[in-house]
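**Q** Got a structure here, written out as structure tokens. Questions coming.
The values are calculated or read from the model by the stated rules, or taken from the named source; none is laboratory data. Everything numeric in this text was worked out from a predicted model, so none of it was measured. Counting neighbours? That spans all protein chains shown, and the Cβs are built from the backbone with ideal geometry, glycine included.
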Amino acid sequence: MNLDGRHVVVTGGASGIGRAMAQRFAAEGARGVVVADVDRDGARVVAAEIGPRALPVACDIGTDAGTVALIDEAEAAFGPVDLFCANAGIGVGADIDTTDTDWDRSFAVNVRSHISAARRLVPGWVARGEGYLLVTASAAGLLTQIGAAPYAVTKNAAVAFAEWLSVTYGDRGVRVSCLCPMGVNTPLLADGMELPGVAGAGLRHVAQMGAVLEPEDVAATVVEALEREQFLILPHPEVQLFVTQKAADRDRWLAGMRGLQAQQMDMEAMIDG
């Protein structure tokens, strides 16, 4: 997809990767960029930075009604949506003791919002013969995430839903890409590394496994991948190696991950001691 003249919606657009993508899409010539976020003021700031081609929309995409209202407002402003970036995500909870509330919220934002967007947009895209859904998952969606059960599980589900959409509608004009970065300099990573225990240790491990990219670097990779209509977008090339190792010998990979978790916890214990 060439972004020139396209109508793009970016959820989670007030900061991090979403903000960088919204700005880059505008620079690539998008005719309309909808900056959607639960953070109303943040969305307005990003839209103001872009200029008159941008529309800020405050919404909670963790509800079906919020996603539908977002798309309705976007289409009223700029016409049919060409590219919907299901980018908003949250990381809450840590282990099996995570509350049902946090599990439900994780599924609502990280998975069901994608389903709601597809339910609303895909029929029109099929009728038009084209449309694009970009899902922001995570390397955790291809692998796992130490100390973050809800995040790992829901990001795996996000990847699976993107794959299903591509298989089911890919020959009917609907394009799907799945963005799976590792460490990116965003509030989600920075705030998470300050968490106590295994949750914070897991995110610090992510930051050590490869370069911590800037959101703008990720946005540039996304634009290149969209031009190729490439399904899996890996800003960190080492993630492909990890995925290959996991597929080649899952038991060995699991043992290795358990070892990494033990190392992280030992380091935490030394620091605390």
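**Q** When the residues of segment 23-53 are narrowed to those that are surrounded by fewer than 22 Cβ atoms within 10 Å (Cβ to Cβ) and acidic (Asp, Glu), which ends up nearest to the chain's Cα centre (by Cα)?
**A** So the residue we want is Asp39.
**Q** Is it true that Phe84 is more than 17 Å from Ala30 (Cβ to Cβ), in contact with a helix residue (DSSP H, G or I) (Cβ under 6 Å, 6 or more places away or on another chain), modelled with pLDDT of 95 or more and not basic (Lys, Arg)? Explain how you work it out, then say what you get.
**A** On the way: more than 17 Å from Ala30 (Cβ to Cβ): no; in contact with a helix residue (DSSP H, G or I) (Cβ under 6 Å, 6 or more places away or on another chain): yes; modelled with pLDDT of 95 or more: yes; not basic (Lys, Arg): yes.
Judged against the criteria, Phe84 is not a match.
**Q** Cβ contacts < 8 Å: first residue farther than 25 Å from Gly183 by Cβ, restricted to segment 91-103; second residue not in a loop (DSSP other than H, G, I, E, B), any location; separation 6+ or different chain. Result?
**A** Every condition considered, the pairs that remain are Ile96/Ala149.
**Q** Does Ala127 fit the bill of being out of contact with any Pro (no Cβ under 7 Å at 6 or more places or on another chain), outside any loop (DSSP other than H, G, I, E, B), modelled with pLDDT of 95 or more and surrounded by fewer than 20 Cβ atoms within 10 Å (Cβ to Cβ)? Don't jump to the end; show me each part of the working.
**A** Working: out of contact with any Pro (no Cβ under 7 Å at 6 or more places or on another chain): yes; outside any loop (DSSP other than H, G, I, E, B): yes; modelled with pLDDT of 95 or more: yes; surrounded by fewer than 20 Cβ atoms within 10 Å (Cβ to Cβ): yes.
Considered against the rule, which asks whether it is out of contact with any Pro (no Cβ under 7 Å at 6 or more places or on another chain), outside any loop (DSSP other than H, G, I, E, B), modelled with pLDDT of 95 or more and surrounded by fewer than 20 Cβ atoms within 10 Å (Cβ to Cβ), Ala127 comes out as yes.
**Q** If you don't mind, another one. Going through segment 66-106 one residue at a time, which ones are surrounded by fewer than 16 Cβ atoms within 10 Å (Cβ to Cβ), hydrophobic (A, V, I, L, M, F, W, C) and farther than 25 Å from Leu133 by Cα?
**A** Once the filter is applied, which keeps residues that are surrounded by fewer than 16 Cβ atoms within 10 Å (Cβ to Cβ), hydrophobic (A, V, I, L, M, F, W, C) and farther than 25 Å from Leu133 by Cα, segment 66-106 yields only Ile96.
**Q** Only one of Ala76, Ala26 is touching a helix residue (DSSP H, G or I) at 6+ places or on another chain (Cβ under 7 Å), outside any strand (DSSP E or B) and aliphatic (A, V, I, L, M); which?
**A** On the way: Ala76 fails: touching a helix residue (DSSP H, G or I) at 6+ places or on another chain (Cβ under 7 Å).
Among Ala76, Ala26, only Ala26 is touching a helix residue (DSSP H, G or I) at 6+ places or on another chain (Cβ under 7 Å), outside any strand (DSSP E or B) and aliphatic (A, V, I, L, M).
**Q** Right, another one. When you look at Val206, is it of a type in the set (A, V, I, L, M) and at pLDDT below 95, yes or no? Show your work before the answer.
**A** Values: of a type in the set (A, V, I, L, M): yes; at pLDDT below 95: yes.
When the stated conditions are applied, Val206 passes them.
**Q** Looking only at segment 54-65, filter to residues that are in contact with a Lys or Arg (Cβ under 8 Å, 6 or more places away or on another chain) and not in a loop (DSSP other than H, G, I, E, B); which one of those is surrounded by the most Cβ atoms within 10 Å (Cβ to Cβ)?
**A** The initial filter retains those residues of segment 54-65 that are in contact with a Lys or Arg (Cβ under 8 Å, 6 or more places away or on another chain), namely 56, 58, 62, 64.
Of the ones still in play, those that are also not in a loop (DSSP other than H, G, I, E, B) are 56, 58, 64.
Numbers: Pro56: 23, Ala58: 17, Asp64: 16.
The extreme case among them is Pro56.
**Q** Right, here's the next one. Sort out which residues of segment 224-261 are outside any helix (DSSP H, G or I), within 23 Å of the chain's Cα centre (by Cα), over 18 Å from Val184 (Cβ atoms) and of a type outside the set (Phe, Trp, Tyr), and write them in order of number.
**A** We begin by selecting, within segment 224-261, every residue outside any helix (DSSP H, G or I); these are 229-237, 249.
In the following step, the residues that additionally are within 23 Å of the chain's Cα centre (by Cα) were identified as 229-237.
With the extra rule that they be over 18 Å from Val184 (Cβ atoms), the set shrinks to 229-231.
Within segment 224-261, Glu229, Gln230 qualify.
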